Amino acid sequence: MKIYQVDAFADKAFSGNPAAVCLLTEQRDEAWMQSVAQEMNLSETAFVRLGSAVLDLRWFTPEAEVELCGHATLATAHILWETGVLSLDEQARFQTASGVLTAVRDGDSIELDFPAGRFEDAEAPPGLEEALGLIARLTGRSRQDYLVVADSESTVRELEPDFAKLRSLPVRAVVVSSESSSSDFDFVSRFFAPAMGVNEDPVTGAAHCYLGPFWADKLGKTEMKAYQASPICFNRPNPATRMVVAFSYTSTFMPGSSKYPGYSSRSLKIGEAPWTTSTI
């Protein structure tokens, strides 16, 4: 077994969003993987089992397993290419709780092909707006998480949530988003998940699987750029690196899977920024 720590969405060490990547040559049980994730104490630890064309991939926070994670998938693909498990021109294919996911190299970047999801209109649970410190313009819900649309980008950036209150609510995670006030981006967001052991995740690719379709409908676009405006970077010395994601959609609608009944989803392609890596 080998474990690597990768700073995803980073152009130098000690920036971006760190993930641990554990390369497995044999099956390990869930309790063991959860213990490793607790020991690593990062927002996500990815476990990939080698030995097949489509690699089994799972993700754990320090407190629970999750069904989808963007930055840890990015980190995993990078490690597979860097260590020679996959050739540089070979597509990475992963079997996950969210179906088969793919990653390909595109120059200095990695392009992930993730399933698109939908936020449905839903009332915020009592106390959510108070815990966030805002008045919602609109609220919605995916299968597990809440969306809160704020009135402006400045509101999103200036939020100082009460994490103790958030953790006490029946909410796995909440993403707060607004249309961007800058012509450089289409929308901005922040992601909070204290119930999962992550007060704020500075770079959340999985959340954009839902934010992308939401803002595509609102803005009437099929290609967008998004900015995750977290003011933190795990207390690393350089908090400047942030997530810039370019979205595009295929024009063919695909039927929703049994895991996501009632949804029609489009293929979501997320072009993600550079990375650095260190070995443990």
Open item on the list: Just the residues that are in a strand (DSSP E or B) and either at pLDDT 95 or above or on the phi > 0 side of the Ramachandran plot (or both), please, taken from segment 87-119.
Closed with: A92, R93, F94, Q95, T96, G99
Open item on the list: So for segment 50-65 (the condition being more than 17 Å from the chain's Cα centre (by Cα) and either within 21 Å of A10 (Cβ to Cβ) or buried (at least 20 other Cβ atoms within 10 Å of the Cβ) (or both)), does at least one residue qualify?
Closed with: yes
Open item on the list: Could you check segment 181-195 and list, in sequence order, the residues that are under 20 Å from G133 (Cα atoms) and surrounded by fewer than 22 Cβ atoms within 10 Å (Cβ to Cβ)?
Closed with: A195
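Grab the strands (runs of 3 or more DSSP E) fully contained in segment 150-211, keeping just those with 2 or more residues being in contact with a helix residue (DSSP H, G or I) (Cβ under 6 Å, 6 or more places away or on another chain). If you could, list the steps in order and put the result at the bottom.
Details: elements: 174-179, 187-193, 198-201.
So the answer is 174-179, 187-193.
Please work out which residue is nearest to A8 (Cα to Cα), limiting yourself to segment 208-223 and to residues that are of a type in the set (A, V, I, L, M, F, W, C) and either outside the structural domain of T139 (by TED's automatic domain parsing) or in contact with a Leu (Cβ under 9 Å, 6 or more places away or on another chain) (or both).
C209
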TODO: Filter segment 23-57 for residues that are of a type in the set (V, I, T), part of a loop (DSSP other than H, G, I, E, B) and touching a Leu at 6+ places or on another chain (Cβ under 7 Å) and give the result.
DONE: T25
Open item on the list: I'm trying to understand the selection: among the residues of segment 122-156, which are charged (D, E, K, R), surrounded by fewer than 16 Cβ atoms within 10 Å (Cβ to Cβ) and in contact with a Lys or Arg (Cβ under 8 Å, 6 or more places away or on another chain)?
Closed with: E130, D151
- [ ] Within segment 144-178, count every residue that is within 19 Å of A195 (Cβ to Cβ), in contact with a Pro (Cβ under 8 Å, 6 or more places away or on another chain) and among the basic types (K, R).
- [x] 1
TODO: Could you list, in sequence order, all residues of segment 21-49 that are buried (at least 23 other Cβ atoms within 10 Å of the Cβ), touching a Phe, Trp or Tyr at 6+ places or on another chain (Cβ under 6 Å) and polar (S, T, N, Q)?
DONE: T45
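The values are calculated or read from the model by the stated rules, or taken from the named source; none is laboratory data. Keep in mind that this is a model prediction, so the values were computed, not measured. No Cβ is skipped: glycine too gets one built from the backbone with ideal geometry, and neighbour counts run over all protein chains shown.
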